[in-house]
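Working notes, beginning with the structure itself.
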Amino acid sequence: MLLKINLKHLKYTQKDVAYAIVATVRTYQKWENGETTPDGHYLLRLLNWLDIREIQDVVRYTE
């Protein structure tokens, strides 16, 4: 998943990102592993913090 790739590229830890977007590390881990999807509030923070330009790179649409 792109979260993990950007995290390593920018040399951040999961803890760094979780702290920066005001989430728990476990919550961030669930997003990174695809267990859950961030809501809009956290999604915008993630996109900005990890410099992700396409929302499709973070979430997938499911019916």
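The values are calculated or read from the model by the stated rules, or taken from the named source; none is laboratory data. Because the structure is predicted, anything quoted here is derived from the model rather than measured. Just so you know, the surface numbers come from the protein's heavy atoms only, side chains and all, with ligands and any DNA or RNA stripped out. Shrake-Rupley method; radii C 1.70, N 1.55, O 1.52, S 1.80 Å.
Please give the number of the condition VAL58 fails out of (1) open to solvent by 90 Å² or more (accessible area, probe 1.4 Å); (2) at pLDDT below 80; (3) not small (Gly, Ala, Ser). Here VAL58 meets the rest and fails (1).
Taking the stretch 1-45 as the range and being hydroxyl-bearing (Ser, Thr, Tyr), in a helix (DSSP H, G or I) and farther than 14 Å from ILE55 by Cα as the test, the residues that pass are TYR19, THR27, TYR28. Number of residues in the stretch 12-53 that are at positive phi, modelled with pLDDT under 90 and open to solvent by 80 Å² or more (accessible area, probe 1.4 Å): the value is 1.
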